[in-house]
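This report concerns only the one structure given below.
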Amino acid sequence: MDLLSSEIPSQGVTRLARPLSLSIRNIADLTHTLSSRTPYFHIEGVSFPFHMEPLTRLEEVGVYTTRWTMYDHHGTNINAPNHFITGGAAAHELSVETFFAPLAIINLVDRASENPDTALTVDDILAWETRYGRLPQDAAVFLRADWDRFADDLTAHLNRDADGVRHNPGFSEDAARFLVQKRNIVGIGTETVAVDWGPDAEFRTHKIIHGAGKWALENLTNLAVVPEAGATLILGPAKVKDASGGMTRVLAVW
């Protein structure tokens, strides 16, 4: 019997509501290489740079291994709903169905270069739809601002002012609410360390997205090489029990 075609999937198999069919000619890696220089969300006295050191050495014991010191939002990472929502799904509970999604990239590069506090709006989403058609069912929506040009510069990446307020592009509350209420998305993503508009210290976009049970991706890169419409997103998040997120390999194919 072919278990994958039986009425009851075998253990560990998720049956997709709709068949997934891909014809792939291009693959783009949207993941930063994680190192001590990788930008991260800095919380005074709490968060810290990624650190790696040898644990065993090949020339000494015949095998090379390393020890990592990190928290679950280093580098290119996924945020699970429990990051901001009590009782929300943890990283290990995220549905694997949402790890394959049509990808929509909304380009705010010109606005962000003039105003780092620019936020993606409902009008930006509707303008994308005017050009490419309505957002696909179960799509992932990414904001492109080419912020990954600050990949090795935490100060420039966070872009804090004298009062410690971040200034970087992000999703407005209205856009986040529109995406979860008027469109059926699986998640959102940015090239910045947080999906919120920089000066929003209340993390309202996080709360709207996670409150709807959706994931968010941060610290993306290479969005400039991916078509704004027509690509498919493939995610490989770390599966750690009760984590609020984790490092994630993010690929776009088309």
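The values are calculated or read from the model by the stated rules, or taken from the named source; none is laboratory data. What you see is a predicted model; the values in this text were computed from it and never measured. When we count neighbours, we look across all protein chains shown, and the Cβ atoms used for this are built from the backbone with ideal geometry, even at glycine. Please note that ligands, DNA and RNA were not included when accessible areas were found on the heavy atoms of the full protein model with its side chains. Shrake-Rupley method; radii C 1.70, N 1.55, O 1.52, S 1.80 Å.
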Query raised in the report: Could you name the lysines in cross-link range of residue 241, using Cα to Cα under 30 Å and dropping any fewer than eight places away on the same chain?
Result: 207, 214
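Out of all DSSP beta bridges with both ends in the chain, state the antiparallel percent to the nearest 5.
Around 65 percent antiparallel, to the nearest 5.
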**Report entry** Two-decimal ratio, region 81-170, of alpha-carbon radius of gyration to 2.2 N^0.38 Å
**Finding:** 1.32
Query raised in the report: With every protein chain left in place, what is the accessible area per residue of region 191-245 in square angstrom, probe 1.4 Å?
Result: 36 Å²
Requested in this report: Please list 235-244, 216-225 highest first by mean number of surrounding beta-carbon atoms within 10 Å per residue.
Outcome: 216-225, 235-244
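Using a Förster distance of 25 angstrom, determine the FRET efficiency expected from the C-beta separation of residue 21 and residue 137, and round it to 0.05. Let's see the in-between values first.
On the way: r = 15 Å, r/R0 = 0.58.
Efficiency, rounded to the nearest 0.05: 0.95.
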**Report entry** residue 129-residue 153 FRET efficiency (beta carbon distance; Förster radius 30 Å; 0.05 resolution)
**Finding:** 0.30
Requested in this report: Report, for region 124-254, the % of DSSP beta bridges that are antiparallel, rounded to 5.
Outcome: 45 percent
Report summary line: Lys and Arg at +1, Asp and Glu at -1: neighbours of residue 151 with Cβ under 10 Å from its Cβ sum to -2
Requested in this report: Rounded to the nearest 500, what is the 222 nm mean residue ellipticity of the chain from helices alone, with -39500 (n - 2.57) per DSSP H run of 4+ residues and division by all residues?
Outcome: -4500 deg cm²/dmol
Requested in this report: Wrap a convex hull around the Cα atoms of region 27-136, take a quarter of its surface area, and give that in square nanometres.
Outcome: 12.0 nm²
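How large, in percent, is the carbon and sulfur part of the accessible surface of the chain at a probe radius of 1.4 Å?
52 percent
Among 16-23, 138-145, 118-125, how do they line up by average Cβ neighbours within 10 Å per residue, starting with the highest?
Order by mean packing, descending: 138-145, 118-125, 16-23.
Taking all protein chains together and a probe of 1.4 Å, list 24, 78 from the most accessible to the least accessible.
Details: 24 85, 78 0 Å².
Of 24, 78, the descending order of accessible area is 24, 78.
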Report summary line: On the formula 1/(1 + (r/R0)^6), with r taken between the Cβ atoms of residue 66 and residue 162 and R0 of 30 Å, the FRET efficiency rounded to 0.05 is 0.20
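Can you give the net charge of the other residues whose Cβ lies under 9 Å from the Cβ of residue 228, counting K and R as +1 and D and E as -1? Don't jump to the answer; show the numbers that get you there.
Working: positive: 131, 144; negative: none.
So the surrounding residues net to +2.
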**Report entry** Restricting region 1-107 to trypsin sites (Lys or Arg not before Pro) in coil, as DSSP defines it, with at most 13 other Cβ within 10 Å
**Finding:** 15, 25, 37, 57
Report summary line: Debye calc, one equal point scatterer per Cα of the chain, no solvent, log10 I(q)/I(0) at q = 0.08, 0.10 1/Å comes to -0.33, -0.50
